[in-house]
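The values are calculated or read from the model by the stated rules, or taken from the named source; none is laboratory data. Please read all numbers here as calculations on a predicted model, not as lab measurements. Here Cβ is always computed from backbone atoms with ideal geometry, including for glycine, and neighbour counts include all displayed protein chains.
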Amino acid sequence: MSRRKPKGRPLDGWLIIDKPPGMTSTDVVNRVKRIFDAQKAGHGGTLDPLATGVLPIAFGAATKTVPYVMDGTKLYRFTLKLGEARDTDDADGEVIETSDVRPTDDQINAALPAFRGNIMQVPPIYSAIKIAGERAYDMAREGRAPVLEPRPARVDRFELIERPDADTAVFEVASGKGVYMRSLARDLARACGTVGHVAALRRLRVGPFLEAASIPLDKLREAEDTAPASPDLLLPVVTALADIPALALTESEAADLRHGQAISLVALMGRIPGNADPSGGLVRAMAGGRVIGLARLEDGLMKPERVL
């Protein structure tokens, strides 16, 4: 039997899209895949339909580096609408509770420290989390509100940056992976003695990918009717790994790593970057300016994790 030839062009690299509101992240991937006539594409971290901003799209070999991008720091700006709780915890949902309480800036700032650092967070019921094989949002839509357990989340920064009026407050958040801004908004409002939901959400950064490097989807759409978009718009696959500390190897060490062999950290003394964690941290293995792959430092060894 002859194998079916995959449709599209074999492209490798990253494209940073500025996602418009009203589309799912999967919609954006499918649209971009068509515009580039690409064989394989995926995204680095879901954004809700209401949200805008940085949505990294991985093509081809870049899809292998998606988990490392999603582990990177994310930066968000969101608007909290006070006085109304919604079933989705954002403006797309139905109002389920109201409150006349409007906290002062001082009250908000006093509540914020409890949401910084390593916290426990209950995800929104309208989320893609699976419970016994079912998506939480499917259960919620069918009127069977799922019971979600709190899960660990890491919030590096959470600050009130603007207070346009008594009903609205704007925040900036830097967080690790799997932190829900809708949950932060809901829980902060509760901690201030009221209710609230996310009225607007924008992602400004995902790992090494910044808002400044993003291309509005509309810009790409203009090219949709003509020839496939130029691969020159793509960033190299290794751009995704820019946040991971680099460790320089000799050519013979690089060859060992490529063949799946671990290297003793003793042999690498003096070369291990200061910001690398020797107990389980990742490093970007480099040789002669080239990225060889990713390796994990543990048990006194540098072990290959993914060779590129």
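Below is a table of values for the structure above.
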read-out	value
Residue under evaluation Tyr68, criteria (1) buried (at least 19 other Cβ atoms within 10 Å of the Cβ); (2) under 27 Å from Arg31 (Cα atoms); (3) out of contact with any Pro (no Cβ under 8 Å at 6 or more places or on another chain); (4) in the same structural domain as Ala166 (by TED's automatic domain parsing), criterion not met	(4)
Index of the failed condition, Val101 passing every other in (1) closer than 15 Å to Ala191 by Cβ; (2) without any contact (Cβ under 8 Å) to a residue 40 or more places away in the chain; (3) part of a loop (DSSP other than H, G, I, E, B)	(2)
Positions within segment 253-266 being over 16 Å from Met286 (Cβ atoms), part of a helix (DSSP H, G or I) and out of contact with any Leu (no Cβ under 8 Å at 6 or more places or on another chain), in sequence order	Val266
Extreme residue, farthest from Thr239 (Cα to Cα), among residues of segment 258-286 that are within 29 Å of the chain's Cα centre (by Cα) and buried (at least 16 other Cβ atoms within 10 Å of the Cβ)	Ile272
Residue within segment 1-15 that is exposed (fewer than 15 other Cβ atoms within 10 Å of the Cβ) and under 18 Å from Leu235 (Cβ atoms) present	yes
Tally of residues being in contact (Cβ under 8 Å) with a residue 24 or more places away in the chain and within 14 Å of Arg202 (Cβ to Cβ) across segment 162-174	5
